[in-house]
Amino acid sequence: MDENNAIVELENIYFSYQGGRHVFKNMAFKLFEGNKIGVIGHNGSGKTTLLHILMGLLRPDDGTVKLFGKSVKTEKEFRGARKGIGFLFQNADDQLFCPTVLEDVAFGPLNLGKSPEEAKEMSYRTLLDLNLKGFEDRVTHKLSGGEKKMVALATILVMRPRVLLLDEPTSGLDEETISRIMNILNDLDVSYMIVSHEYGFLARTTTDIFRMEHGALCFDGPSENLHSHYHRHPMGKASHEHN
């Protein structure tokens, strides 16, 4: 690993929401080529905020964001860097906005200047890779929650990104869909960061865990140390953590 060649880097990041709630204080972080990390932390600790800062959806009060070795500050600079980053929103409805699945998946390649024929070919190939053949003409808003998540994943993988940022990718999904996403991620040869409360999922898809705590992102140990299991209660299943 080349310590001077991070593909995602945050230096001395400070961020507060309007109203004065401090989220990050002098936070630093580096993601290197080939890293597959999980990010954990309590609700409100700043996990999603971190991803939004990396995508340029939020701007830090102070500090430097570097993507692929270059400092990015303006929307134009972020727009260029986003071509190499795939961001999966927690809610698939925030990601899908076209009438049909094919139109949604082809939107990114078309936006990059691909011809309609090229975009269609890329989209068909990606849907086939994700076992979504036959979904091309389906109406997006009529899909199930799991189907929407898979199509949302297709919309970012079709772009062949170098880095994936995934925000709670398994939230509200059935076990079959979670298993499909797990297998897809394990087969990918890209760097990624997964924000999740599902420790079992992180243990099977990442190599290292970072914890968001007190405005900083700290290394928490190898993913294999995560322990997640379930007990049955009158209201269903509840997970808990062992240190």
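The values are calculated or read from the model by the stated rules, or taken from the named source; none is laboratory data. Nothing here was measured: the structure is a model prediction, and the numbers come from that model. Here the Cβ is made from the backbone with ideal geometry for all residues, glycine too, and neighbour counts use every protein chain on show.
Contact map, region 99-116: residues that are in contact (Cβ under 8 Å) with a residue 12 or more places away in the chain paired with residues that are assigned to a loop (DSSP other than H, G, I, E, B) and aromatic (Phe, Trp, Tyr), Cβ distance under 6 Å, separation 6+ or inter-chain. Pairs shown: Val101/Phe135.
What about Gly221, is it free of Cβ contacts under 8 Å to residues at least 24 places away in the same chain and not in a helix (DSSP H, G or I)? So Gly221 fits the description; yes. May I ask you to verify whether Asn91 is closer than 22 Å to Ser144 by Cβ, at pLDDT below 95, surrounded by fewer than 17 Cβ atoms within 10 Å (Cβ to Cβ) and among the polar types (S, T, N, Q)? Criteria met by Asn91.
Residue check: Lys25 meets all listed conditions (1) among the basic types (Lys, Arg); (2) in contact with a Phe, Trp or Tyr (Cβ under 7 Å, 6 or more places away or on another chain); (3) within 21 Å of Leu164 (Cα to Cα) but one, namely (3). Here Val72 meets each of (1) within 29 Å of Glu198 (Cβ to Cβ); (2) surrounded by 19 or more Cβ atoms within 10 Å (Cβ to Cβ); (3) in contact with a helix residue (DSSP H, G or I) (Cβ under 9 Å, 6 or more places away or on another chain) with one exception, condition (1). For region 139-158, the criterion of being of a type in the set (D, E, K, R), farther than 27 Å from Phe68 by Cβ and touching a Phe, Trp or Tyr at 6+ places or on another chain (Cβ under 9 Å) is met by at least one residue. All of Leu112, Leu166, Leu127, Leu188 fail the test of being closer than 26 Å to Leu67 by Cα, surrounded by 21 or more Cβ atoms within 10 Å (Cβ to Cβ) and hydrophobic (A, V, I, L, M, F, W, C), apart from Leu166. Of Asp2, Asp62, all but one fail to be surrounded by fewer than 17 Cβ atoms within 10 Å (Cβ to Cβ), modelled with pLDDT of 95 or more and farther than 24 Å from Lys148 by Cα; the exception is Asp62. If the condition is being outside any helix (DSSP H, G or I) and within 10 Å of Gly56 (Cβ to Cβ), then region 75-86 contributes only Ile85.
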